[in-house]
1. Which residue is nearest to LEU95 (Cα to Cα), if the candidates are limited to region 16-48 and must be surrounded by fewer than 18 Cβ atoms within 10 Å (Cβ to Cβ) and within 11 Å of the chain's Cα centre (by Cα)?
2. Residue pairs, Cβ under 9 Å, 6 or more apart or interchain, first in region 70-85 and surrounded by 10 or more Cβ atoms within 10 Å (Cβ to Cβ), second acidic (Asp, Glu). List them.
3. Go through the residues of region 51-65 one by one and say whether even a single one is farther than 19 Å from ARG21 by Cβ, without any contact (Cβ under 8 Å) to a residue 24 or more places away in the chain, of a type in the set (Lys, Arg) and part of a helix (DSSP H, G or I).
4. Kindly provide the set of residues from region 1-15 that are more than 16 Å from ARG109 (Cβ to Cβ), surrounded by 12 or more Cβ atoms within 10 Å (Cβ to Cβ) and free of Cβ contacts under 8 Å to residues at least 40 places away in the same chain, ordered by number.
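Please treat every number below as a calculation from the coordinates, not as lab data. Quick caveat, the model's predicted, so the values are computed rather than measured. Methodologically, a virtual Cβ is constructed for each residue, glycine included, from the backbone with ideal geometry; neighbour enumeration extends over all protein chains shown.
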Amino acid sequence: MNALVCLVALMQALGLVVRERRAALGVLRATGAGGPALRRVLAGAALAVALPALVLGAVLERLVLGPLVARLAADYAPLELTAGPGQLAAVAVGLAVIAVGAVAWVAARLEREPVVAALAEDAE
């Protein structure tokens, strides 16, 4: 369920990037940039969102959420709720997979849009 929420949030962020940069992406497409170039632009935007989210999530889990849940459960069982390096790596891989899926989906939608439509918006 958390992965689905991440995917939707990342797709919305990428959709917003496409909307804000529609004219620039249209110029890139008009000058011959194909799908791979568009995916690289969108991958950079996804990285700018996903990397800080990963770092912030790991820090919050380590400093706030883990100790809080451990204190709440202390009456029932001793729990050590800090993620190890393997778990953080698994989360990073999962986030990367979600980012690749979001980039592919948004890039496919962008490629279906006529180049003229993006350029016409720039002229307004």
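1. Here is the first cut: in region 16-48, the ones surrounded by fewer than 18 Cβ atoms within 10 Å (Cβ to Cβ) are 16, 19-24, 27-28, 30-37, 40, 44, 47-48.
Applying the additional criterion that residues be within 11 Å of the chain's Cα centre (by Cα) yields 44, 47-48.
Values: GLY44: 14, LEU47: 10, ALA48: 13 Å.
Here the residue is LEU47.
2. ALA70/GLU80; LEU81/GLU61; THR82/GLU61; ALA83/GLU61
3. Step one: filter region 51-65 for residues farther than 19 Å from ARG21 by Cβ, giving 51-65.
After this cut, where a residue has to be without any contact (Cβ under 8 Å) to a residue 24 or more places away in the chain as well, the list is 51-52, 55-56, 59-65.
Going one step further and asking which of them are of a type in the set (Lys, Arg), we end up with 62.
This time we only want the ones that are part of a helix (DSSP H, G or I), so: 62.
Within region 51-65, one or more residues are farther than 19 Å from ARG21 by Cβ, without any contact (Cβ under 8 Å) to a residue 24 or more places away in the chain, of a type in the set (Lys, Arg) and part of a helix (DSSP H, G or I).
4. As a first pass, look at region 1-15 and keep what is more than 16 Å from ARG109 (Cβ to Cβ): 1-6, 9.
Adding the requirement that they be surrounded by 12 or more Cβ atoms within 10 Å (Cβ to Cβ) leaves 3, 6, 9.
Result: ALA9, single match.
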